[in-house]
Amino acid sequence: MSKLAINGGQKTCTNPWPDWPIWDEKERNALLEVLQSGKWWYGEKVRQFEQAFADFQGAKFGITACNGTVALETALTSLGIGAGDEVIIPPYTFVATATSVLRVNAIPIFADILPDTLCIDPADVERNITDKTRAIIPVHLAGNVADMDALNEIAEKHNLKIIEDACHSWGSQWKGKGTGAIGDCGAFSFQASKNITSSEGGIILTDDEDLAEYARSYTNCGRRKDQPWYEHYILASNLRMTEFQAAILLAQLTRLESQTIRRQQNASILDEILSEIPSIRTIKTDPRITRRSYHFYPFRVDFDELGISRERFIQALEAEGVPASPGYTMPLYKNPLFQQPDLWLKKRCSWLCPHYGKDIDYTKVSCPVCEQVCSDTVWLPHRLLLAESEDVRKAADAIKKVCENADELK
Ligand SMILES: Cc1ncc(COP(=O)(O)O)c(C=O)c1O
């Protein structure tokens, strides 16, 4: 008789998983308060949230924006990164890490990731440095913090800026310091799937007052503090957050710490059980990471050893009641944007424009670790990590069951 639920066996996880987003009277009242006040526009709530979130991550200044993509773009522009500058980024990330670089007419250069952490490999960063390199954007993948000691050392040695893509790492800390406050600045996203959300939203954190002032101006039409309303000082945009978003985020922030701790505790249950399964490789948490947020729980699987595809594995997990996805299925540079740039970019400024003064052919880029990771990694959603620990244990049992009975899936 078959054991796997996909073949008619008993389903392992029968309790419903927590929904996301989580909200209650706090969000309802906060929204109503803003609605009834008639003050809907970029005011007191935005300021309150900026300070509260900066305090939470241990940064001096917070400047909100309408999403994480433009928060990254604002960070780059505020640091003076522009046309023809090279910025080193990992390829295992959301497209915004690369497009924010292109949006300021700079050139993304891909450095590989480490197989055990899925974060950028400092040694490969160093190998990719040229006389045009101006910055590094480490991505704290799924909340796992990139090796900031090594990256800060490289940045210092080569006079580079560090912009942390902290769009997965609300609450993560490296040696007690919050992400986004470790490099020159950091960018966060509050999009709907994120661990603290207002449907869309973003913030730039920094300890640098001058950078903060520029970022404020860039997100607010080039205005300057205490200057006349219709005076504009820099080429900028309107990237402002609304009072409604800030009010929701203030309510969400009251739960962020306890939810982060709960996810971390449940992730360690998964680590403990999954690390005993021969065909599974769990992702390492560096001991210097003093708190780790989980935007998702990634783990790697030896599908050759199991003799099944990732698609089949995920189908079997879903049948056992465990939500799972393949995550990023290709390194960023394999996207048509980079492989077929002639299609759209020829007449626009990009790495194809003569200003760069160098040739770069992304079809020749190869980051072998990332390519392997894109083919063998499975993600569990962060809402699963908010469940009762008994249910999380069952999710781990379900994964074990699928691995042990993989023959049934052939
Ligand atoms: C790593 C990373 N960077 C940047 C972003 C961009 O954030 P947003 O969707 O708020 O623009 C995301 C969003 O998913 C992300 O995952």
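Here, each number is a calculation from the coordinates, and none is a lab measurement. What you see is a predicted model, and the numbers here were worked out from it, not measured in a lab. Cβ placement follows ideal geometry from the backbone for every residue including glycine, while neighbour counts extend to all protein chains displayed.
If packing is taken as the average count of other Cβ atoms within 10 Å, what order do 80-93, 393-406, 150-163, 6-19 fall into, highest mean first?
In decreasing order of mean packing, 80-93, 393-406, 150-163, 6-19 become 80-93, 393-406, 150-163, 6-19.
Where the centroid of each part is defined by its Cα atoms, how far is the stretch 333-410 from the stretch 108-183 in Å?
Centre-to-centre distance over Cα atoms comes out at 18 Å.
How big is the gap, in Å, between the Cα center of the stretch 45-66 and the Cα center of the stretch 246-288?
Each part's Cα centre sits 23 Å from the other's.
Summing +1 for each Lys or Arg and -1 for each Asp or Glu, what net charge is found among the other residues whose Cβ lies under 13 Å from the Cβ of Phe110?
Combined, the nearby Lys, Arg, Asp and Glu give -3.
Given 5 Å bins starting at zero, what is the percent of C-alpha pairs of the stretch 348-400 in each, up to the one with the largest pair distance?
4, 13, 13, 11, 9, 10, 9, 7, 7, 8, 7, 2
Return the percentage of antiparallel bridges among DSSP beta bridges fully within the chain, rounded to the nearest 5 %.
Percent antiparallel among DSSP bridges in the chain is about 65.
With viscosity set to 0.890 mPa s at 25 °C, what whole-number translational diffusion coefficient in µm²/s follows for the stretch 85-210 from Stokes-Einstein and a Kirkwood radius over Cα pairs?
D = 169 µm²/s.
Could you sort the peptides 109-118, 59-68 by per-residue average Cβ neighbour count (10 Å cutoff), highest mean leading?
Taking the mean over residues of other Cβ atoms within 10 Å, the ranking is 59-68, 109-118.
Rounded to the nearest 500, what is the 222 nm mean residue ellipticity of the chain from helices alone, with -39500 (n - 2.57) per DSSP H run of 4+ residues and division by all residues?
-11500 deg cm²/dmol
To two decimal places, what compactness ratio does the chain give when its Cα radius of gyration is scaled by 2.2 N^0.38 Å?
1.02
By the gyration tensor of its Cα atoms, with a ≥ b ≥ c the square roots of the eigenvalues, what is the shape of the stretch 306-405: rounded for a/c under 1.5, prolate for a/b over b/c, or oblate?
Cα axes put the stretch 306-405 in the prolate bin.
Helix 310-319 versus the longest principal axis of the chain: what is the Cα-based angle in degrees, 0 to 90, to the nearest 10?
That works out to roughly 70 degrees.
Along each principal axis of its Cα atoms, how long is the stretch 232-388 end to end? Whole angstroms, biggest number first, please.
Dimensions of the stretch 232-388 along the principal axes of its Cα atoms: 54, 48, 34 Å.
Rounded to the nearest 20 debye, what is the charge dipole size of the chain about its Cα centre when +1 sits on each Lys and Arg Cβ and -1 on each Asp and Glu Cβ?
That gives the chain a dipole magnitude of about 740 debye.
Excluding Gly8 itself, what net charge comes from residues whose Cβ is under 13 Å from its Cβ, given Lys and Arg +1 and Asp and Glu -1?
Residues close to Gly8 contribute a combined charge of 0.
List, largest first, the extents of the alpha carbons of the stretch 204-315 along their principal axes, each in whole Å.
Per principal axis, max minus min of the Cα coordinates gives 67, 30, 29 Å.
What is the chain's relative contact order, in percent, from Cα pairs under 8 angstrom and six or more apart in sequence?
Computed value for the chain: 22 percent relative contact order.
Packing-wise, with mean Cβ within 10 Å as the measure, how do 207-215, 96-104 rank, highest first?
96-104, 207-215
Taking the Cα centre of the stretch 181-251 as origin and charging only Cβ (+1 Lys, Arg; -1 Asp, Glu), how large is the dipole, in debye to the nearest 20?
The calculation lands at about 300 debye.
Using the Cα atoms of the stretch 25-252 to build a convex hull, what is its mean projected area in square nanometres?
12.3 nm²
What number, in nm² with one decimal, is the all-direction average of the projected area of the convex hull of the alpha-carbon atoms of the stretch 45-124?
Result: a mean projected hull area of 6.4 nm².
So how tilted is helix 389-404 from the main axis of the chain? Cα-based, degrees 0 to 90, rounded to 10.
Rounded to the nearest ten degrees, it is 60.
Which is farthest toward the positive dipole end of the chain among Leu72, Ser172, Cys403, measuring Cα position about the Cα centre, with Cβ charges +1 (Lys, Arg) and -1 (Asp, Glu)?
The residue sitting most towards the positive pole is Leu72.
On a 18 Å Cα-Cα criterion, which of the cross-link pairs Lys334/Lys358; Lys3/Lys394; Lys39/Lys225; Lys132/Lys157; Lys60/Lys177; Lys284/Lys334 come out too long?
Table pairs above 18 Å Cα-Cα are Lys334/Lys358; Lys39/Lys225; Lys284/Lys334.
I'd like the Kirkwood hydrodynamic radius of the stretch 149-259, using the inverse of the mean 1/r over distinct C-alpha pairs, in Å.
Taking every pair of different Cα atoms in the stretch 149-259, averaging 1/r and inverting gives 15.6 Å.
Mind pulling the angle between the C-alpha long axis of helix 148-158 and the longest principal axis of the chain? Nearest 10 degrees, somewhere in 0 to 90.
For 148-158 against the chain, the angle is about 40 degrees.
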